[in-house]
Amino acid sequence: MNILFVCTGNTCRSPMAAAIWRELEGVEIQSAGVYAIHGADMSYHAKQALAEKGVDASHASQPVTADLLDWADVVLTMTTSHKHALLHAYPENRDKVHTYSEFADPENAFEIADPFGGNLQDYQFTLYQLEQLQQKALHRLHLHNDKN
């Protein structure tokens with residue numbers, strides 16, 4: 001299964017989500033941003049929050065492309081505005097583009113706030129949200145996380 005995580009600049013939320021999913025077997029993971037440039041590093045606090053959990057934070061940003069969307073079986077965005085941007089530009093992908101929270105927990109969908117410019121605690125909270133959604137999404141996809 002190929003999963004693409006999408007946020008704005010591909011330096012905080014989507015690479016953090018991708019990093020924790022890369023720890024799993026049986027999935028291929030990429031991340032991208034609707035307004036990303038090629039090759040930017042993950043933000044400092046995002047890397048720090050991941051390091052506290054022992055998760056590899058290797059990353060280089062990339063913009064969303066038609067090829068990435070074709071590659072993905074599931075596309076998970078951090079907000080409804082990201083989802084709408086993708087659906088506007090690539091309407092043929094409507095069946096596989098979802099917000100992360102609506103995919104993981106349709107009854108309790110929410111926007112994953114952008115921690116960019118915030119302090120370490122903001123990034124830790126975002127990572128906590130991403131981890132909670134991961135467990136629910138794994139259940140929906142009938143996958144298992146042997147680390148938890």
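The values are calculated or read from the model by the stated rules, or taken from the named source; none is laboratory data. Quick caveat: nothing in here was measured; it's all calculated off a predicted structure. Reconstructed Cβ throughout: ideal geometry from the backbone, glycine too, with neighbour counts over all protein chains shown.
Tabulated data
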item	result
Where a residue in region 102-126 is under 20 Å from Lys53 (Cβ atoms) and its partner, wherever it lies, is β-branched (Val, Ile, Thr) and modelled with pLDDT of 95 or more, with Cβ under 6 Å and at least six apart	Pro115/Thr126
Any hit, region 7-19, residues being surrounded by fewer than 16 Cβ atoms within 10 Å (Cβ to Cβ) and either in contact (Cβ under 8 Å) with a residue 60 or more places away in the chain or within 16 Å of His98 (Cα to Cα) (or both)	no
In region 47-61, the residues that are surrounded by fewer than 18 Cβ atoms within 10 Å (Cβ to Cβ), assigned to a loop (DSSP other than H, G, I, E, B) and not aliphatic (A, V, I, L, M)	Lys53, Gly54, Asp56, Ser58
When residues of region 100-146 are limited to those that are in a helix (DSSP H, G or I) and of a type in the set (Asp, Glu), the one nearest to Thr80 (Cα to Cα)	Glu102
Failed item, numbered, when Asp146 is tested on (1) of a type in the set (Asp, Glu); (2) exposed (fewer than 13 other Cβ atoms within 10 Å of the Cβ); (3) at pLDDT 95 or above	(3)
When residues of region 88-118 are limited to those that are of a type in the set (A, V, I, L, M) and under 14 Å from Thr8 (Cβ atoms), the one surrounded by the most Cβ atoms within 10 Å (Cβ to Cβ)	Ile112
Every pair of residues 6+ apart whose Cβ atoms lie under 6 Å, when the first sits in region 24-36 and is closer than 15 Å to Gln134 by Cα while the second is in a loop (DSSP other than H, G, I, E, B) and among the charged types (D, E, K, R)	Ile29/Arg22
Every residue from region 73-99 that is hydroxyl-bearing (Ser, Thr, Tyr) and part of a strand (DSSP E or B)	Thr77, Thr99
Sole exception among (1) within 13 Å of the chain's Cα centre (by Cα); (2) crowded, with 16+ Cβ neighbours inside 10 Å; (3) over 20 Å from Asn2 (Cβ atoms) for Ala40, by number	(1)
